[in-house]
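Please treat every number below as a calculation from the coordinates, not as lab data. Note that the structure is a prediction, hence the values are computed from the model and not measured. Note that each Cβ is placed from the backbone with ideal geometry, even for glycine, and that neighbours are counted across all protein chains shown.
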Amino acid sequence: MELLLVLVIGLLYAAGVYLILRRSMVKLLLGIILLGNGTNILIFLLGKITKGTPPVIDEAYKVFQDIYADPIPQALILTAIVISFALTSFAIVLLKRVYALVDSDDLDDLNTPEEEDL
Amino acid sequence: MIDNHILAPIFVQLFTAVVQLMFWRKTLTQRFLSVGGSVIGLLVAIRLFNRVYQDGILTMNAANWDAPFGIVFVADLLSVTLILLTAIASISVSIFSSVGLSRQRMLYGYFPIFHFLIMGLNGAFLTGDIFNLYVYFEVIIISSFVLMTLGGRKAQLEGAVKYMALNILASMFFLTGIGILYGITGTLNMADLAQKIQTVQNTTLVGITSCFFIIGFGIKSAVFPLYYWLPSSYHTPPSAVAATFGGLLTKVGIYALMRVLSLIFIPDDFTRTLLMVIAVLTIVTGAFGALIKTNVRRLFSYLIVCHIGFMVGGIAMFSKIALMGAVFYLIHDILVKTNMFLIAGLIRQLRGTMDMEKLGGLYRDYPKISLLIAVVLFSLVGIPPLSGFWPKIFLFQAAFEQSQYFFVGALIIGSFVTLYVIANMWAQVFWKNPPQEEIIDDRFAPMQPYKKLLMVLPIAILGIATLFIGLNAEAVVKVTDKIATQLMDNTAYIEAVLGNKTNAL
C-alpha cells in the first residue's frame with residue numbers, strides 16, 4: 001500500500017509540474033489540480049497508514065488498548081481539499097474570463113503593454 | 001498567560017466584513033462601517049500591544065484543549081507589533097478607498113473582501129499552529145485574488161493569472177512541507193515542533209523540509225528567482241488595493257520566514273548562505289529593475305522587491321543585531337510601502353496618469369501636498385533621522401561583524417538606487433514643467449473639500465507614523481530589541497505555549 005502511494009504521489013507531482021510548465025492555461029489549471037491531489041496523498045501517507053480502530057478511548061480505560069488510526073492527517077486533508085476546491089473553482093472562472101477577453105489559451109499572449117492604470 | 005482577548009483582532013475584522021455583507025448594495029453604509037471597523041481594530045491592536053509589552057507572551061488554547069493537542073493562538077511581541085502596523089495601514093487604506101474607489105467596485109463587494117483580507121493577516125500573525133498558518137494564508141490569497149480581479153479589465157486579469165498560479169504553487173510547497181514535517185515529528189504546534197525537531201535523527205530530511213518552507217515563503221515574499229509575478233501584477237489593481245498588497249502581503253512571507261526559522265529550522269551554515277545569496281540578488285535585481293521604469297507604480301513594485309532583500313539579508317545573518325535591523329525595517333516598510341501606493345493613487349487623481357514622462361508641475365500646483373509626499377519619499381530613501389535610516393545602521397553593523405561584504409555592497413547599491421530613482425521621480429513628477437501637448441486630467445480639484453481631505457488624510461496618517469518612528473527611534477529600538485531577543489532565544493515562546501500544560505497536570 002505505502003509503495004503504491006509513493007508511486008502515485010511521484011506520478012502526480014511529476015505530471016503536475018510538467019503540465020504547469022506548458023504554455024496552455026488549461027494545462028496550467030490541470031497541473032495545479034494534480035499537484036494539489038499529490039500533496040493531499042502525501043499528507044495521508046506521512047500520517048502513517050494503519051488499519052485500526054477510531055481513536056476513541058473506552059470509558060473503562062485511560063489509554064488506548066488497540067491500534068488506532070491517526071485522525072489528524074485526515075482532518076488536514078479534508079481542510080486542504082476544501083481549500084483547493086475553492087481555489088480551483090476561482091481559477092476556472094478567472095481563466096474562462098481571460099480566455100473570453102484575450103481569445104487565446106496561450107499564456108504567452110497575456111502581455112498587454114502598459115495601458116492606463118487605475 | 002492565557003487570554004481570550006488575543007482573538008479580538010481577528011473577530012473585529014470578521015464581524016465588520018459580515019455586517020458589511022448585509023449592506024451589499026449600500027456603499028455609503030459600507031464605507032462608514034469599514035472606517036469604523038478599522039478604528040476599532042486599531043484600538044484593539046493598541047490594547048493587545050500594551051498587554052503583551054507589559055505582561056509578556058499571551059496564549060489562548062481553543063476550547064481549552066491543552067497546548068500540543070489543540071489549536072493555540074500566541075501573541076508575542078513580533079505578532080502584536082505587526083498587528084498594530086496592519087491596523088494603522090488598514091485604517092489608512094479604508095479611508096483612502098472610501099473616496100478613491102469607484103462605486104462600481106464597491107458594489108462588487110470590495111469592502112467586505114478587504115476586511116476578510118485583514119482578518120487573514122491578523123490570523124496569520126497570531127496563530128501558533130503551522131497548519132492554521134496555512135489556512136490563514138489561504139484566506140489571505142483568496143481575498144487578494146478577488147481584490148486583484150475586481151473591475152475585470154484585461155491587464156488586471158492577465159496580472160491575476162500570474163499572481164494566482166504562483167501563489168497557489170507557493171501554497172502547495174508550504175503544504176507539502178507541513179505534510180513532511182508532520183510525518184517526521186507527529187505534531188503541528190510550532191512550539192512543540194521546536195522541541196521535537198531537535199530529536200529527529202534524519203537531519204537531511206529536516207534540511208529538505210526547510211527548503212520547502214523557504215521556497216513557499218520566498219514566492220510569497222517575492223525574493224530573487226521567484227519574484228517575477230510581483231512587478232507584472234501589482235500595477236494592475238486600483239491604488240488602494242495595490243497599497244494593501246504592497247504594504248502587507250509580501251511582509252507576511254517575511255514574518256512567516258522569521259517565525260519558522262527562529263522556531264523550527266534554526267538556520268545552519270547552508271541556510272544562511274542560501275538566504276544571503278538570495279538577499280543580495282534580490283536587492284541588486286530589484287534595484288536595477290526600478291532604474292528603468294517610467295511608470296510610478298511599476299517603479300514602486302521593483303522597489304518592494306529591492307527592499308525585501310534587506311529584510312531577508314537580516315534574517316540570513318541571524319544575529320541579534322541583524323534581526324533588530326530586519327524587524328525595524330519590516331516596521332518601516334509596511335508603513336512606507338502602503339503610503340507609496342496611496343501616493344501613486346493620489347498622483348493619478350491629480351493628473352490622470354502615472355507615467356513619469358507625462359507628469360510634471362505638481363509642486364507648482366499643489367505645494368502643500370507635495371511637501372507631505374516629500375517627507376514620505378525622504379523616509380523611504382532613509383535620510384536621517386527618518387525611519388528608513390535606523391534599520392540600515394543595524395544591518396550594516398551586523399554585516400560588518402560577520403564580514404558579509406557582498407551584503408554591504410548590495411545594501412549600498414540598493415540604498416543609492418533608491419535615492420536615485422526617488423530623486424529622479426521627484427524631479428520628473430513634481431519639479432519638471434508638464435509637457436505642453438498633454439491634457440491635464442485633474443480629477444482632484446473639482447472634488448468637494450471633505451473628499452479632498454479624505455484622500456490626503458491617510459497619506460498624512462502614514463506619514464506621521466513614519467515620522468514618529470524616525471524621531472522616536474529609541475522607543476522603537478527598545479521594542480525591536482525585545483523582539484530580536486525573543487526570536488534568537490525561543491525558550492520564552494515555547495514555555496508560554498507548553499508551560500501551561502505542566503501546571504495543569
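Please label the shape of the range B:37-117 as rounded, prolate or oblate, based on the square roots a ≥ b ≥ c of the eigenvalues of the alpha-carbon gyration tensor (a/c under 1.5 means rounded; beyond that, a/b larger than b/c means prolate, else oblate).
Working: a/c = 3.98, a/b = 1.88, b/c = 2.11.
Oblate.
May I ask which residue of B:Leu386, A:Ile81, B:Gly345 lies farthest towards the positive end of the charge dipole of the protein assembly as shown, with charges of +1 (Lys, Arg) and -1 (Asp, Glu) on Cβ and the Cα centre as origin?
B:Gly345
Considering every residue in A:10-21, what mean count of other chain Cβ atoms within 10 Å of its Cβ is obtained? Each step should come with its number before you reach the end.
On the way: counts 0, 0, 0, 2, 0, 0, 2, 1, 0, 0, 4, 0.
For this peptide, the per-residue mean of nearby foreign Cβ atoms is 1.
Which of the helices in chain B meet the span-like rule: DSSP H, Cα axial reach of 30 Å or more, Kyte-Doolittle mean at least 1.0? Let's see the in-between values first.
Details: long enough: B:27-55 (41 Å, 0.66); B:77-100 (34 Å, 2.06); B:154-185 (46 Å, 1.03); B:269-291 (33 Å, 1.66); B:296-317 (32 Å, 1.45); B:320-351 (46 Å, 1.10); B:405-426 (31 Å, 1.74); B:449-471 (31 Å, 1.72).
Helix filter hits for chain B: B:77-100, B:154-185, B:269-291, B:296-317, B:320-351, B:405-426, B:449-471.
Name all residues of the range B:18-61 having a backbone nitrogen under 13 Å from the label point set 7 Å from the Cα of B:Arg103 along its Cα→Cβ direction, giving them as ranges.
Those under the cut-off are B:25-29.
Residue by residue through the range A:51-65, what is 3J(HN,Hα) from phi via Karplus (6.51 cos²θ - 1.76 cosθ + 1.60, θ = phi - 60°)? Round to whole Hz and write x for glycine and proline.
My calculation for the range A:51-65 gives 8, x, 7, x, x, 10, 8, 5, 4, 6, 10, 10, 10, 5, 9 Hz in order.
Is there a simple number for the mean count of other chain Cβ atoms within 10 Å of the Cβ of residues in B:166-178, and what is it?
Values: counts 0, 1, 13, 6, 0, 8, 10, 2, 1, 12, 8, 1, 6.
Counting Cβ atoms of other protein chains within 10 Å of each residue's Cβ and averaging gives 5.
Quote the FRET efficiency, to the nearest 0.05, computed for B:Ala374 versus A:Lys48 with a Förster distance R0 of 56 Å and r equal to the Cβ-Cβ distance. Walk me through the intermediate numbers first.
Numbers: r = 61 Å, r/R0 = 1.09.
With R0 = 56 Å, the Cβ-Cβ based efficiency is 0.40.
About the Cα centre, and with charges only on the beta carbon of Lys, Arg (+1) and Asp, Glu (-1), how big is the dipole of the range B:49-154? Nearest 20 debye, please.
Numbers: 5 positive and 5 negative charges, 155 e Å.
Rounded to the nearest 20 debye, it is 740 debye.
Using helices alone, what [θ] at 222 nm do you get for chain B, with -39,500 (n - 2.57) per DSSP H run of 4 or more residues, divided over all residues and rounded to the nearest 500?
Working: 22 runs with 377 residues, N = 505.
Helix-only estimate at 222 nm: -25000 deg cm²/dmol.
Determine the shape class of the range B:268-492: with a ≥ b ≥ c the square roots of the Cα gyration tensor eigenvalues, call it rounded for a/c under 1.5, and otherwise prolate if a/b is greater than b/c, oblate otherwise.
Details: a/c = 2.82, a/b = 1.79, b/c = 1.58.
It is prolate, given that a/c is not under 1.5 and a/b is the larger ratio.
Hey, if you put +1 on the Cβ of every Lys and Arg and -1 on every Asp and Glu Cβ in the protein assembly as shown, which of B:Val80, B:Met317, B:Gln30 ends up farthest toward the positive end of that dipole?
Of B:Val80, B:Met317, B:Gln30, it is B:Gln30.
What distance in nm lies between label points placed 7 Å from Cα along the C-beta direction at B:Trp431 and A:Gln74?
7.0
Report the label-to-label distance for B:Asp269 and A:Thr88 in nanometres (one decimal), using points 7 Å from each Cα along the Cα→Cβ vector.
That separation, rounded to one decimal, is 4.5 nm.
Expressed as an acute angle from 0 to 90° and rounded to the nearest 10, what is the orientation of the C-alpha long axis of helix A:2-20 relative to the principal long axis of chain A?
Relative to chain A, helix A:2-20 is tipped by roughly 10 degrees.
If I take R0 = 30 Å and measure r between the Cβ atoms of B:Leu43 and A:Tyr99 in this structure, what FRET efficiency does the formula 1/(1 + (r/R0)^6) give, to the nearest 0.05?
Details: r = 46 Å, r/R0 = 1.54.
Efficiency at R0 = 30 Å is approximately 0.05.
How high is the FRET efficiency between A:Val8 and A:Asp66 when r is their beta carbon distance and R₀ equals 25 Å, given to the nearest 0.05?
0.30
So if a site counts as exposed when it's one of the trypsin sites (Lys or Arg not before Pro), its DSSP state isn't H, G, I, E or B, and it has at most 15 other Cβ atoms within 10 Å, what's the longest stretch of chain B without one?
Working: sites that count: B:Arg25, B:Lys26, B:Arg443.
The reported range is B:27-442.
If you filter the range A:27-72 for trypsin sites (Lys or Arg not before Pro), then keep DSSP loop positions with at most 10 other Cβ within 10 Å, what is left? Don't skip to the end; give the middle numbers.
On the way: sites: A:Lys27, A:Lys48, A:Lys51, A:Lys62; in loops: A:Lys48, A:Lys51, A:Lys62.
Listed in order of number, the matching sites are A:Lys51, A:Lys62.
Where nothing but the Cβ of Lys and Arg (+1) and of Asp and Glu (-1) is charged, how large is the charge dipole of the range B:268-492 around its Cα centre, in debye to the nearest 20?
Values: 18 positive and 14 negative charges, 112 e Å.
Dipole size: approximately 540 debye.
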